[in-house]
Amino acid sequence: MATFNIPPVDKDIAAALQHKIDNKTKPLGSLGQLEKIALQVGAIQQTLTPALHQPAIVVFAGDHGIAKEGVSPFPQEVTYQMVFNFLQGGAGINVFTRQNDMQIRVVDAGVNFDFNQHPGLIHAKVGMGTKSYLQEPAMTMIQCQEAIEKGAAIVREIHQEGCNVIGFGEMGISNTSSAAIIMSLLCNIPLEQCIGRGTGLDDEGLARKKAILSEAIARHKGIEKTPLHVLSTFGGFEIAMMCGAMLQAAAAGMIILVDGFISTAALLVASKINEHILEYCIFTHQSNEQGHQLMLSHLKAVPLLSLGMRLGEGTGAAVAYPLIRSAVTFLNEMASFESAGVSNKA
């Protein structure tokens, strides 16, 4: 498998950044989380004048065999239909990336549909959807590693084009089920606390989802609890590809905008492979999916927004991006007490 060299962020510049932030024409700490983001971005980029270039959202799409077992109110066909919606510019993520001048890339990681050579689609299909992990592992270890490496290759190319800030979204009917199991096993949190309503299950559907996922975990109770074994047994091709993409982004020194429940589950796997990745991450929002708050707590993450969103697609990352721009802009453009001729406190 590909290895990722992710060094810890060098904190030697932190004192100089903090001094610059504290000497802006404002009371100490008065810009709250924006000050923390400015410090983090400056430290990642090792400069007192950080810059955001060619921001991008990459949406990975993949199908899940578990969808056929009745864990989602939506049929599997919605995955490929939504991919066409992304390509036509009609989805939520298209609206928000347009609004904020962000690039969007759509990736077929493993959709159960033949798109032929559709322009605008990155063809990285590992398989026609995963297997049902109620019966067998979702994917082989070889497929899992292939997905990770393909995700890394996609980000490598985007970075070479000049992008240094990147968010990740996903589309895959039933992928909240995969994320819930990954979270439960890697965080050692009871499954009951990790499962949510996904795309809108009623009480009866939620109970069925819990029963099916509990049975699936029991079916594979002997697996090693290593990140790759958990990912290959219960994950999706889009989750594995996103995991590789995130690892490569951190290895390249990029700023990672973390979206919601499924994206954070991919990051969870990546963080168990190399914990330094978390230093490159800005957690853009807390999803309305039940398990997300617990997963963020496990990662010691403080999200920027809590808007009750649960759409996925990278929408939380795109909506929060202007806040990251604000943090960088105040650091670069706001006057200091000295330059403005304003008296500082005694």
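The values are calculated or read from the model by the stated rules, or taken from the named source; none is laboratory data. Worth saying up front: this structure is predicted, and the values here are computed from it rather than measured. Glycine gets a Cβ as well: all are built from the backbone with ideal geometry, and neighbour counts include every protein chain shown.
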Practice prompt. Scan the stretch 212-222 and give yes if some residue there is over 19 Å from Gly70 (Cβ atoms) and among the polar types (S, T, N, Q), otherwise no.
Written response: no
Worksheet entry | Check on Met295, aliphatic (A, V, I, L, M), modelled with pLDDT of 95 or more and over 14 Å from the mean Cα position of the chain (by Cα) | no
Worksheet item: When the stretch 156-174 is examined, which residues are found to be touching a Gly at 6+ places or on another chain (Cβ under 8 Å) and either of a type outside the set (S, T, N, Q) or surrounded by fewer than 24 Cβ atoms within 10 Å (Cβ to Cβ) (or both)?
Response: Asn164, Gly167, Phe168, Gly169, Glu170, Met171, Gly172
Worksheet entry | Some residue of the stretch 96-116 being touching a His at 6+ places or on another chain (Cβ under 6 Å) and over 23 Å from Lys209 (Cβ atoms) | yes
Worksheet item: Looking only at the stretch 28-42, which residues are on the phi < 0 side of the Ramachandran plot and surrounded by fewer than 19 Cβ atoms within 10 Å (Cβ to Cβ)?
Response: Leu28, Ser30, Gln33, Lys36
Item to complete: Can you work out which of the residues in the stretch 1-34 that are out of contact with any strand residue (DSSP E or B) (no Cβ under 9 Å at 6 or more places or on another chain) and charged (D, E, K, R) is nearest to Ser343 (Cα to Cα)?
Response: Lys26
Discussion item. Out of Gly236, Gly198, Gly162, I need the residue that is within 17 Å of the chain's Cα centre (by Cα) and either at pLDDT 95 or above or of a type in the set (S, T, N, Q) (or both). Which one?
Written reply: Gly236
Discussion item. Can you name every one of the helices (runs of 4 or more DSSP H) wholly within the stretch 188-305 that holds 3 or more residues which are within 24 Å of Thr79 (Cα to Cα)?
Written reply: 203-219, 227-234, 237-251, 261-273
Discussion item. Considering only the stretch 54-76, I want to know if a residue exists there that is among the hydroxyl-bearing types (Ser, Thr, Tyr) and more than 24 Å from Gly200 (Cα to Cα).
Written reply: no
Worksheet entry | Selection count where residues are loosely packed, with under 13 Cβ neighbours inside 10 Å and closer than 16 Å to Ala335 by Cβ, scope the stretch 7-27 | 2
Discussion item. I'd like to verify a number: residues in the stretch 1-50 that are in a loop (DSSP other than H, G, I, E, B) and among the basic types (Lys, Arg), how many?
Written reply: 1
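Quick grid of which residues meet (1) within 22 Å of Leu267 (Cβ to Cβ); (2) surrounded by fewer than 24 Cβ atoms within 10 Å (Cβ to Cβ):
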residue: Met295; (1), (2): yes, no
residue: Leu299; (1), (2): yes, yes
residue: Arg310; (1), (2): yes, yes
residue: Ala317; (1), (2): yes, no
residue: Leu323; (1), (2): yes, yes
residue: Ala335; (1), (2): no, yes
residue: Glu338; (1), (2): no, yes
residue: Gly341; (1), (2): no, yes
Item to complete: Among the numbered conditions (1) surrounded by fewer than 21 Cβ atoms within 10 Å (Cβ to Cβ); (2) touching a His at 6+ places or on another chain (Cβ under 6 Å), tell me where Phe261 comes up short.
Response: (1)
Worksheet item: So, in the stretch 44-62, of the ones that are aliphatic (A, V, I, L, M) and surrounded by 21 or more Cβ atoms within 10 Å (Cβ to Cβ), which residue ends up farthest from Thr97 (Cα to Cα)?
Response: Ile44
Discussion item. Just to check your reading of the model, which residue among Gly110, Gly89 is in contact with a strand residue (DSSP E or B) (Cβ under 8 Å, 6 or more places away or on another chain), farther than 16 Å from Arg325 by Cβ and modelled with pLDDT of 95 or more?
Written reply: Gly110
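The rows are residues; the columns are (1) modelled with pLDDT of 95 or more; (2) surrounded by 16 or more Cβ atoms within 10 Å (Cβ to Cβ); (3) charged (D, E, K, R); (4) at positive phi.
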residue: Gly70; (1), (2), (3), (4): no, no, no, yes
residue: Glu77; (1), (2), (3), (4): yes, no, yes, no
residue: Asp101; (1), (2), (3), (4): yes, no, yes, yes
residue: His123; (1), (2), (3), (4): yes, no, no, no
Discussion item. Kindly evaluate Ser271 against the criterion of being over 27 Å from Arg325 (Cα atoms) and buried (at least 17 other Cβ atoms within 10 Å of the Cβ).
Written reply: no
